[in-house]
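The values are calculated or read from the model by the stated rules, or taken from the named source; none is laboratory data. Just so it is clear, the structure is predicted and the values come from calculations on it, not from any experiment. Please note: Cβ atoms are built from the backbone with ideal geometry, for glycine as well, and neighbour counts cover all protein chains shown.
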């Protein structure tokens, strides 16, 4: 980490645009029966099964805005870029099936760097059973830009929107929150140590979970299947990319409801708690505004509670109220404060 | 043109990311019955009719690489960015139905500039009857990046690939070639005149068609329908974005065939011919390598020739041969020279 390990550097111009695409995609395998045609034509061709609808989501990641290559290895970046997009597909209660990947790269990147990036992308496609079916590679006048479009399928009566939450529904979150944001803080600190003394070795032993959540997040592929197995159809769902607070507000606004979120119910990993103490940060603030968790937030009918309550992946953190009641956090001290969306970008500027 | 007409400049930060997306997309209307859910959730939801497959294509346009804002008005850029993508959908013989648009923008662009860009995008969606169903807007550390994904549908037995051309098939092209590239040359020249003397008025009267082909290209939405009406299913098809020569080579390689292309059959607009004379350029070279024409190149069985021969949109420019015969241009002087793909990027560097 923090070192330039590049030993061989082949300029992109040695391959040319078409040569580069061929080179990077030569190991791509098609595994999904719904992929009729992948890379190599004007467009990919995808079959949708009867009674199923397609879901499509797209995200753009920009160097210097969404990632810093000084501590984000390119392989991890490729993997994470896929996760960011698949997370949106799972948030529709759908199965992710295909992705396209477009890159704009400046010629400061050698072919070997793009091979690393692609190796992360292809690892993600294998583990998540999605086909890479297309994309575009072009030059950039400055940094690296990654644009991914993810495609999924779901039975038309099983799509879950942000807009279906109803009064008294329970607010449920998967996994735990805040770790990815803290991982970024740890990496930023180590980067500064490294810049001051390039011989310093990063000390990350106490932060392994946090750093992994930042550098190698996993999208919740398991949740749509788990919910189906539990015979629970959420009334609404959204993925947590910008922070719990912001996503709860999106969900409530789209559903025209209010909510009460209980501070003491927010799931935190022990490393989040200990690192917040060390960094003198409030763990609730981090969980509410941290971002990049890629967990899912959803609502269920109260009668479905018995089906989920024993599951360690799922935590009930609150309940839905009427729109006029507003959106509130109920603190450990039992005070009621309005939820505000600050988002992790805003937080960083403070 | 070449002037900064911005009078009001609202910084993007006044709206914030979510506010900006809401602002830019507030006029988006959904018209397609296949669009179940557009902008406003984690993903768009699209229904595919029975017996139809989906086609998906994506392209990335980067400022300074694909466009120069000093002569490309933002409204035209938005329109053209959509055309570039729809062209790929039509090249599959499909109907374009939805697009997603992602933007990375530096804060040198005021909100009004993005409104211009979106107005071009929305004009294109209206004229081509496609729904804008999603996207992402983010900041950029430098220029403007536009990533568009286009989605289409076509009956599963009507998809046309690059790979179906057979020996003796006829090679057909739509419209005429080379004008967009010459339009770029004209605009580059006027830009230099303007830089030398900012009071000079651009002289574009003799180049209206060329400039329009460069600044406001139209994708061939009409061709899949025309071919269906003529009861012709092409054996192979590709869109002409990088120049005729390069696309013929793609098509022949994918189909494992050779071809003879006849120089005297290549369709040229009179303005292309006169401007080539003025600029001392060879019109065949321009047509072969010019790029950005967004016409369609396809092959048909010889028995279908009577069905297309009267159509002014379609020109037979050659025929398919065996793979071992190679890919050749037959010149007006009846000499046979191998086709090479230089592409317009390569040509510009000469």
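Conditions tested, residue by residue: (1) buried (at least 17 other Cβ atoms within 10 Å of the Cβ); (2) under 17 Å from the mean Cα position of the chain (by Cα).
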residue: B:9; (1), (2): no, no
residue: B:22; (1), (2): no, no
residue: B:27; (1), (2): no, no
residue: B:46; (1), (2): yes, no
residue: B:67; (1), (2): yes, yes
residue: B:72; (1), (2): yes, yes
residue: B:107; (1), (2): no, no
residue: B:111; (1), (2): yes, no
residue: B:116; (1), (2): yes, no
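What are the residues in region B:311-333 that are farther than 22 Å from residue B:178 by Cβ and in a strand (DSSP E or B), if any? B:320, B:321, listed by residue number.
Scanning region A:175-194 for residues that are in contact with a strand residue (DSSP E or B) (Cβ under 7 Å, 6 or more places away or on another chain) and buried (at least 24 other Cβ atoms within 10 Å of the Cβ) turns up just one, A:177.
Among the residues of region B:126-157, those that are more than 11 Å from every other protein chain (Cβ to nearest Cβ), under 17 Å from residue B:56 (Cβ atoms) and either outside any loop (DSSP other than H, G, I, E, B) or out of contact with any strand residue (DSSP E or B) (no Cβ under 8 Å at 6 or more places or on another chain) (or both) comprise B:131, B:132, B:155.
For region B:181-201, indicate whether the set of residues that are within 14 Å of another protein chain (Cβ to nearest Cβ) and either in contact (Cβ under 8 Å) with a residue 12 or more places away in the chain or farther than 28 Å from residue B:105 by Cβ (or both) is non-empty. No, because not a single residue in region B:181-201 is within 14 Å of another protein chain (Cβ to nearest Cβ) and either in contact (Cβ under 8 Å) with a residue 12 or more places away in the chain or farther than 28 Å from residue B:105 by Cβ (or both). The numbered conditions (1) at pLDDT below 95; (2) within 27 Å of residue A:125 (Cβ to Cβ); (3) assigned by TED's automatic domain parsing to the domain that holds residue A:316 are all true for residue A:179 except (1). Among the residues of region A:196-255, those identified as in contact with a helix residue (DSSP H, G or I) (Cβ under 6 Å, 6 or more places away or on another chain), more than 21 Å from residue A:164 (Cβ to Cβ) and assigned to a helix (DSSP H, G or I) are A:207, A:209, A:210, A:211, A:213, A:214, A:215.
If you check A:140, A:87, A:147 for being more than 30 Å from residue A:265 (Cα to Cα), buried (at least 21 other Cβ atoms within 10 Å of the Cβ) and within 19 Å of the chain's Cα centre (by Cα), only one passes: A:147. Looking only at region A:294-350, which residues are modelled with pLDDT of 95 or more and within 14 Å of chain B (Cβ to nearest Cβ)? Scanning region A:294-350 gives A:294, A:295, A:296, A:297, A:298. Meeting the requirement of 3 or more residues that are over 20 Å from residue A:165 (Cα atoms) and out of contact with any strand residue (DSSP E or B) (no Cβ under 7 Å at 6 or more places or on another chain), the helices (runs of 4 or more DSSP H) wholly within region A:259-310 are A:270-279, A:283-289. For residue B:200, the test of being under 18 Å from the mean Cα position of the chain (by Cα), assigned by TED's automatic domain parsing to the domain that holds residue B:323 and either buried (at least 16 other Cβ atoms within 10 Å of the Cβ) or over 22 Å from residue B:87 (Cα atoms) (or both) is failed.
Would you mind stating whether residue B:165 is more than 21 Å from the chain's Cα centre (by Cα) and buried (at least 24 other Cβ atoms within 10 Å of the Cβ)? Steps first, answer last, please.
On the way: more than 21 Å from the chain's Cα centre (by Cα): yes; buried (at least 24 other Cβ atoms within 10 Å of the Cβ): yes.
For residue B:165, the condition - more than 21 Å from the chain's Cα centre (by Cα) and buried (at least 24 other Cβ atoms within 10 Å of the Cβ) - is met.
Does residue A:321 satisfy the condition of being loosely packed, with under 14 Cβ neighbours inside 10 Å and either assigned by TED's automatic domain parsing to the domain that holds residue A:92 or over 26 Å from residue A:218 (Cα atoms) (or both)? So residue A:321 fails the test.
For region B:228-244, the tally of residues that are surrounded by fewer than 24 Cβ atoms within 10 Å (Cβ to Cβ) and away from chain A (no Cβ under 13 Å) stands at 7.
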